[in-house]
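Everything below concerns the one structure shown next.
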Amino acid sequence: MSPTLIRRITVEALDIPLHEPFGIAGGAQERAENLLVTAELADGTLGFGEAAPLPAFNGETQEASRAAALAMRGAAVGADARAWRAIAGALRAATDGGAGAARCAIETAILDALTRRAGMPLWAFFGGSGKALTTDITITTGSPERAEEAARRASAMGFGVLKVKVGGRLAASDPARVEAIHAAAPRASLILDGNGGLTAGEAIALVAHARRLGADVALLEQPVPRDDWEGMKEVTRRAGVDVAADESVTCAADVLRIAAERAATTVNIKLMKGGIAEALDIAAVARAAGLRLMIGGMVESVLAMTASACFAAGLGGFSFVDLDTPMFLAENPFEGGFSQAGPALSLEGIGAGHGVVPRRRAPQAV
């Protein structure tokens, strides 16, 4: 028996409280209701992956992700981890391209086990272009007063890029929130992230308002709903800033449409949307089309965020980095992963895999 055969895959709940709700245009997450997936190779090597479904983003839930992961593991158990891309294809086929968070967790666990066994850091596996990134920090939905306080705190911590959640039912307060944030951190660059919660006109007006204040708007992310392609194209033509597609891009085919219709200038890659193999295809197509790259995530712990950091640093060439959600979690159930000093993320200390292990190994679910 090959030592790299996948002997077992287990799935268990990973519930982590947040300091405060993580609000986006589609709703707020009270706590991270994620999953921990463990892949065990024939020689006993363990690898770990995280599923971080975010109902407010795409409707995926913890329970649905658990069911999908349990149903999919038959496509991986008994296979050779070295054939991980073939396994990823089987996982995608088994879910008809859905259950992105569950697929991501299984792929991450398999790659973590494979690279741990090889003594190779995951960032090196992805290409070794670099070992350091600089992330933004998110200011979630809420009042102008809370936004101002968050901006002052972020500025004091050294963050130069603030990602501001806008749109949704509180969109009317967005101009006041942007004004409060700019007053509190006038030197910061802003990413305005609508999560599909604005109209094209509202998005263009918000950017214009920010510019009148003297704010530097570095990026406008997914301003309109994912299927509003005409709205995306209008914003990209008229806003005068880079526009990122997030919810509108879940697979490489979506990137082709973005490029062909000039619907955005940037693609936000989130491993959690469709897994690692799909993310690699998205990155390749985006680069070939001349689109800029952004790395982001859902409400993820240091496990999934480190995997994404390894992906982005290893490939290189990412213009925007949004890997801040571990800072919003009230607990860290893991050891290892990237080290962080303000906005600076370092992968230097990772010796093999993504380097993250559970602090306490709970009894594993079937």
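The values are calculated or read from the model by the stated rules, or taken from the named source; none is laboratory data. Since the model is a prediction, treat every value here as computed from it, not as a measurement. No Cβ is skipped: glycine too gets one built from the backbone with ideal geometry, and neighbour counts run over all protein chains shown. Side chains included, ligands, DNA and RNA excluded: accessible areas come from the protein's heavy atoms. Shrake-Rupley method; radii C 1.70, N 1.55, O 1.52, S 1.80 Å.
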Give, in nm to one decimal, the length gained when the segment between residue 360 and residue 339 is fully stretched (0.36 nm per residue of separation minus the Cα-Cα distance). 5.6 nm
Computed ³J(HN,Hα) along region 104-116: with the Karplus parameters 6.51/-1.76/1.60, θ = phi - 60°, integer Hz and x for glycine or proline, the list is 4, 4, 5, 4, 4, 4, 5, 5, 5, 4, 5, 6, 4
Provide the per residue accessible area, probe 1.4 Å, for the chain, rounded to a whole number of square angstrom. 37 Å²
When the label point is put 7 Å from the Cα of residue 19 along its Cα-to-beta-carbon vector, which residues of region 317-356 have a backbone N closer than 17 Å? 323-333, 340-345
Would you indicate which of (1) 66, 41, 37; (2) 73, 67, 39; (3) 51, 47, 39 is the value of Cα extents along the principal axes in Å derived from the coordinates of this structure? (1)
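What's the FRET efficiency of residue 118 with residue 209 using the Cβ-Cβ distance as r and R₀ = 35 Å, to the nearest 0.05?
After rounding, the FRET efficiency stands at 0.10.
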Whole-Å distance, taken between Cα centres, linking region 240-255 and region 8-37: 24 Å
Here the averaged projected area of region 1-130, based on the convex hull of its alpha-carbon atoms and given in nm², is 8.9 nm²
Taking r as the C-beta separation of residue 288 and residue 86 and R0 as 30 Å, the FRET efficiency to the nearest 0.05 is 0.80
Could I get the Rg over Rh figure for region 67-155? Both from C-alpha atoms, Rh via Kirkwood, rounded to two places. 1.18
With the cut-off at 1.5 for a/c, could you classify region 294-349 from its C-alpha gyration tensor as rounded, prolate or oblate? prolate
Kirkwood-type radius of region 186-313, with distances r between different C-alpha atoms, in Å: 14.8 Å
How far, in nm, would the chain grow between residue 332 and residue 172 when pulled straight, counting 0.36 nm per residue and subtracting the alpha carbon separation? 54.1 nm
Amide H contacts under 5 Å for residue 216, restricted to residues at least 5 apart in sequence or on another chain and with H modeled in the peptide plane, are 190
With +1 on the Cβ of every Lys and Arg and -1 on the Cβ of every Asp and Glu, and nothing else charged, how large is the dipole of region 54-170 about its Cα centre, in debye rounded to the nearest 20? 220 debye
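For the chain, what is the percent of antiparallel DSSP beta bridges, rounded to the nearest 5?
Of all bridge pairs located within the chain, approximately 55 percent are antiparallel.
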If each part is reduced to its alpha-carbon centroid, region 289-366 and region 183-213 end up apart, in Å, by 27 Å
In nanometres, what is the gap between the two model label sites at residue 70 and residue 227, each 7 Å from Cα along Cα-to-Cβ? 3.1 nm
Per the 1/(1 + (r/R0)^6) rule, R0 = 35 Å and r from the Cβ atoms of residue 1 and residue 132, FRET efficiency to 0.05 is 0.35
Mind checking the dipole of the chain: about its Cα centre, +1 per Lys or Arg Cβ, -1 per Asp or Glu Cβ, Debye to the nearest 20? 640 debye
Could you tell me what percent of the DSSP beta bridges with both partners in region 279-360 are antiparallel, to the nearest 5? 60 percent
What is the dipole size for region 232-366, taken about its Cα centre, with +1 at each Lys and Arg Cβ and -1 at each Asp and Glu Cβ, in debye to the nearest 20? 160 debye
Can you give me the angle between helix 302-315 and the longest principal axis of the chain, using Cα atoms only, in degrees from 0 to 90, rounded to the nearest 10? 80 degrees
Helix-derived [θ] at 222 nm for the chain: sum -39500 (n - 2.57) over DSSP H runs of at least 4, divide by residue count, nearest 500? -11500 deg cm²/dmol
Share of region 234-340's accessible area from carbon and sulfur, percent, 1.4 Å? 47 percent
What is the Cα coordinate range of region 152-258 on the first, second and third principal axes, sorted by size from largest, in whole angstrom? 41, 25, 25
Arranged from highest to lowest average of other beta-carbon atoms within 10 Å per residue, in what order do the peptides 340-351, 175-186, 239-250 appear? 239-250, 175-186, 340-351
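I'd like the carbon and sulfur percentage of the solvent accessible area for region 1-148, probe radius 1.4 Å, heavy atoms only, ligands and nucleic acids excluded.
Reported share for carbon and sulfur atoms: 52 percent.
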